[in-house]
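The values are calculated or read from the model by the stated rules, or taken from the named source; none is laboratory data. What you see is a predicted model, and the numbers here were worked out from it, not measured in a lab. FYI the Cβ positions are ideal-geometry reconstructions off the backbone, even for glycines, and counts take in every protein chain you see. Side chains included, ligands, DNA and RNA excluded: accessible areas come from the protein's heavy atoms. Shrake-Rupley method; radii C 1.70, N 1.55, O 1.52, S 1.80 Å.
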Amino acid sequence: MQTVEHRGSAWRISLALAMRSIVNVFRVPGAFVPVLVMPLFFLLAFSGSFSSLTKFHIVPTDNILNWVAPYSMIQGAAFAGMGATFSVARDLEGGFYDRLLLAPAPRRTLLTGPVLSALLRALIPFVVVGAVAYAGGARLAGGVLGVVTLLVALEGAAAIACLWGLGIAFRFKSQRSLALVQVGIFTATFLSAAQVPIGKMVGWVKPVAQINPVSNILRLAREGLLPDQFGLSWHNTFGGLLAIVGSVAALGWFAVRGLQRLVP
């Protein structure tokens with residue numbers, strides 16, 4: 001009974017920390033803009049710049065939004081994960097985090113709370129970018145399973161970015177240090193199959209994109225919109241799931257080690 005109550009208490013604390021972080025999205029404009037405005041900017045900018053790729057059959061779709069929309073949502077989800085860490089970094093700078101460390105609550109809630117916040121924030125680009133892409137002609141041909149694979153990819157990207165940001169925030173205890181998180185997000189996505197398929201790449205970018213976990217996560221996200229190219233099958237889904245699990249495990253360890261350094 002005590003174990004059940006302890007787990008219930010940990011869940012309530014994690015949820016409370018997540019809700020506190022979510023409120024900051026609407027209170028602090030700087031936290032809202034990257035989650036919503038940036039993915040919309042990428043959607044419009046890349047769909048216009050790369051629209052000719054459909055005419056030459058470089059991307060496997062007649063509507064460039066089917067190719068670009070998942071990438072834009074992944075970027076938005078990653079920014080959602082990064083945004084969740086800004087609240088933590090702000091608390092570390094202001095000293096409020098010391099109170100959280102002294103609170104009679106499981107330490108894991110200081111990780112699960114921000115991650116839960118990131119997962120909830122990731123729904124914003126999913127809904128908004130998805131609506132704009134649908135208005136532009138993008139279609140989830142994969143049906144319900146296509147929605148599931150897209151959501152799994154977005155939530156995975158949000159969790160990965162959040163854990164990466166927490167590890168950085170715990171070590172540097174400064175909001176300015178989170179610029180490293182942003183650089184990491186841009187680098188990981190731009191050196192992947194974000195713009196063009198790996199098979200159409202040339203030069204040194206191709207081998208980098210092949211081993212980049214983001215390429216597999218993007219493939220998972222695009223399954224429902226490009227079923228003729230990828231197909232909704234376990235063979236095509238496994239790589240994305242493996243990339244998410246492996247990245248969450250590695251960066252989760254990185255975040256845990258950072259949290260442990262805060263505790264004498």
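Pop the C-beta distance of V196 and L145 into the FRET formula with R0 = 30 Å and round what comes out to the nearest 0.05.
Rounded to the nearest 0.05, the efficiency is 0.75.
Just the number, please: carbon plus sulfur as a percent of the accessible area of the chain, 1.4 Å probe, no ligands or DNA/RNA counted.
68 percent
In whole Hz, what ³J(HN,Hα) sequence does the range 150-162 give by Karplus (6.51, -1.76, 1.60; θ = phi - 60°), x for Gly and Pro?
Once rounded to whole Hz, the list reads 5, 5, 4, 5, 5, 5, x, 4, 5, 5, 4, 5, 5.
If packing is taken as the average number of other Cβ atoms within 10 Å across a peptide's residues, how do 120-126, 9-15, 142-148, 84-90 rank, most packed first?
Packing proxy ranking, top to bottom: 84-90, 120-126, 9-15, 142-148.
Only four residue types carry charge here, +1 at the Cβ of Lys and Arg and -1 at the Cβ of Asp and Glu. Report the dipole size of the chain about the Cα centre in Debye, rounded to the nearest 20.
Roughly 540 debye for the chain.
Sorted by mean Cβ packing within 10 Å, highest first, what order do the peptides 237-244, 165-172 take?
The densest-packed peptide leads the list: 165-172, 237-244.
Please pull out the direction-averaged projected area of the chain, using the convex hull of its alpha-carbon atoms, in nm² to one decimal place.
15.0 nm²
V33 versus Q260, label points 7 Å from Cα toward the beta carbon: distance in nm?
3.8 nm
Which is farthest toward the positive dipole end of the chain among M38, A159, V263, measuring Cα position about the Cα centre, with Cβ charges +1 (Lys, Arg) and -1 (Asp, Glu)?
Result: V263.
Choose one of M82, L65, A16: the residue whose Cα lies farthest towards the positive end of the charge dipole of the range 10-104 (beta-carbon charges +1 Lys, Arg; -1 Asp, Glu; about the Cα centre).
A16
Could you point to the residue in A243, A179, A221 farthest towards the positive end of the range 142-252's charge dipole, with +1 and -1 charges on the Cβ of Lys/Arg and Asp/Glu respectively?
Of A243, A179, A221, it is A179.
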